[in-house]
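Remarks on the structure that follows.
The values are calculated or read from the model by the stated rules, or taken from the named source; none is laboratory data. On a predicted model such as this, the values are computed, not experimentally measured, just so you know. FYI the Cβ positions are ideal-geometry reconstructions off the backbone, even for glycines, and counts take in every protein chain you see.
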Amino acid sequence: MQFLGTQIVSYPLLYQIKQFWPACHLRVVAQDAVSQHYLTLPWVDAFTQADKLPEVYRAMEGSADLVIALHFASEKYGIAALLKRPKFRLGFKNKRVTDFVWTHSHRKDFSEYMGLANLRVLAAFKDFDAAQAARQCVQALAAIEGQTSIVGSSELVHANDASDSRSRLSESSAHPPSAGDANAPQIVLMPGGGAGDYKRWPIEHYVALADLLKPTLMPQASFCFVMGPDEAEQYRWLQSLGRSDFVYLMTRPLSEIAKAVMGTKLVVANDCGPSHLAQFAGVPYVGVFHESNREWFWARKTSADVLPQDGTCEIKNVTPEQVLGACQRVLSLAVSNDSYSPSEG
C-alpha cells in the first residue's frame, strides 16, 4: 500500500535492526513505488520494488542471512523465502500454507497495533524493549537534519506571517521549533487523512477543541497543526482566522514533525501517517476515529481513541467535548517525557 502510515509503521523495526547489526546491508522490498519513504532514512541501504513472485525472489539476495516478511496476507514472500533459504526467516503466522517457512514468527492479531506487531516479529528472534525502540526511533528521526520522507513542499508559518489565503504553500522559510525548545508548541494537532474525508475529523472541531483546551488545561498553550497537501483548503481557512496561538507544519519532512512531537505535551490526531510518530514516541495521545481500529491505535496508559457515540461511523459526529474528556484523561495519567517508562507497551 502506498499510504504513508503503512510505511511509517515499519520505521522502528528498521531502526532496531541497525541497532542490533550496525554494519548490515539493509534492503527494503515493497510492492509499490515508495522508495522515497525509505531511502532518506539513515538505516536503509537499498530499496527494491517487487510485486510479482519472480520479482520478490530476485530481490532476496542470495547472500542474505536474515529475511523479515511483514506482509501477512500473501504467500509469495513465504514461497520466495523457502526457495532462497536464508538462514533466518522471520514473519507472521496467519493460518497460511507458508507459515512453516519461518524460523521465528509472531502470530498475527488484528487487534494489535501494527507498529508494535512488526517489532514483535524481530523480538521473536532477538528480544528487546519494543516501546523503548519505538521512542528511540522517533528521537533519531528528530535528530536528522535535512530531508526525510517529504510529502510535498515545505513550510512552517505562524498565523500572523501569512499574507493572505491565496499565498503559495511554499513561500515561508521559517524553521520549526525543536524538541526541548522553550517556544515549542505545547499541543500538536494532526487533522490529515490521505485515505479520504471519512477519516478526517472536521477542522472546525479542531479549532473548537483548541478553544476548550486553553481555559481548561493550558491557558498559555500554542497549537501546531501538522498538515499535508490534501489539507491545503483547511490550511488556508486556518490562516484566515489570524490566530496568534496557531503555527503550522505544512508538508514538512518527517524529521521536523518528529521534533515537534518530541517537544509536545499532547497530540490529537486523525488516523493519518504522522500520527504514528506520536504513538511511537509515547507522548500523551488522543486518536479520533470513525470506527474502532486497533491495528492503527497503540492502546497505552497515556493514549485514548475516541469514536462516534451515536451508533454511526461518521467521524464528524465526534464532539469536541468528547475529545476534550479524552485529553483530560491521558494528561492526568501521563508521565513527563523525561521520566518516560520505556517498558510500557
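Does Gln36 satisfy the criteria of being of a type in the set (S, T, N, Q), exposed (fewer than 15 other Cβ atoms within 10 Å of the Cβ) and either closer than 26 Å to Glu256 by Cα or touching a strand residue (DSSP E or B) at 6+ places or on another chain (Cβ under 8 Å) (or both)? Answer is yes for this residue.
Do you know which of the residues in the range 193-206 that are in a loop (DSSP other than H, G, I, E, B) and modelled with pLDDT under 90 is farthest from Leu277 (Cα to Cα)? Break it down into steps so the answer makes sense when it comes.
Initially, the range 193-206 is screened for residues in a loop (DSSP other than H, G, I, E, B), giving 193-196, 200-202.
Filter once more, so that each one left must be modelled with pLDDT under 90: 193-196.
Numbers: Gly193: 15, Gly194: 16, Ala195: 18, Gly196: 20 Å.
Restricting to residues being in a loop (DSSP other than H, G, I, E, B) and modelled with pLDDT under 90, the top hit is Gly196.
Of the strands (runs of 3 or more DSSP E) lying entirely inside the range 207-287, those carrying at least 2 residues that are closer than 21 Å to Thr319 by Cβ and in contact (Cβ under 8 Å) with a residue 60 or more places away in the chain are 266-270.
For the range 13-21, the condition of being within 22 Å of Ala123 (Cα to Cα) and without any contact (Cβ under 8 Å) to a residue 24 or more places away in the chain holds for at least one residue. So which pairs qualify, if the first residue must be in the range 290-311 and modelled with pLDDT of 95 or more, the second must be in a strand (DSSP E or B) and among the acidic types (Asp, Glu), the Cβ gap must be under 9 Å, and the two must be at least 6 apart or on different chains? Partner pairs satisfying both residue conditions: Phe297/Asp305; Ala299/Asp305. Of the numbered criteria (1) in a helix (DSSP H, G or I); (2) touching a Cys at 6+ places or on another chain (Cβ under 7 Å), the one His290 fails is (1). Applying the set (1) within 21 Å of Phe125 (Cα to Cα); (2) surrounded by 18 or more Cβ atoms within 10 Å (Cβ to Cβ); (3) at pLDDT 95 or above to Met60 leaves exactly one unmet item: (3). Can you tell me which residue is farthest from Leu122 (Cα to Cα) among those in the range 87-97 that are at pLDDT 95 or above and out of contact with any helix residue (DSSP H, G or I) (no Cβ under 8 Å at 6 or more places or on another chain)? For the range 87-97, the residue satisfying everything is Lys87.
Do we have any residue at all in the range 77-86 that's surrounded by 16 or more Cβ atoms within 10 Å (Cβ to Cβ), touching a strand residue (DSSP E or B) at 6+ places or on another chain (Cβ under 9 Å), of a type in the set (A, V, I, L, M, F, W, C) and closer than 29 Å to Phe297 by Cβ?
no
Could you grab me the full set of residues in the range 237-252 that are of a type in the set (S, T, N, Q) and on the phi < 0 side of the Ramachandran plot? Those that are of a type in the set (S, T, N, Q) and on the phi < 0 side of the Ramachandran plot: Gln239, Ser240, Ser244. Residues of the range 3-37 that are assigned to a loop (DSSP other than H, G, I, E, B), of a type outside the set (A, V, I, L, M, F, W, C) and touching a Gly at 6+ places or on another chain (Cβ under 9 Å): Ser10 alone.
Could you identify the single residue in Leu331, Leu324 that is modelled with pLDDT under 95, farther than 26 Å from Leu70 by Cβ and either in a loop (DSSP other than H, G, I, E, B) or assigned by TED's automatic domain parsing to the domain that holds Ala210 (or both)? After ruling out the rest, the residue left standing is Leu331.
Just so you know, in the range 38-64 the residues that are of a type in the set (A, V, I, L, M) and part of a helix (DSSP H, G or I) include one that is farthest from the chain's Cα centre (by Cα), and it is Leu53. Checked against (1) buried (at least 17 other Cβ atoms within 10 Å of the Cβ); (2) at pLDDT 95 or above, Asn337 passes all but a single condition, namely (2). Looking at this structure, is Phe100 assigned to a loop (DSSP other than H, G, I, E, B), surrounded by fewer than 16 Cβ atoms within 10 Å (Cβ to Cβ) and at pLDDT 95 or above? No: the conditions fail for Phe100.
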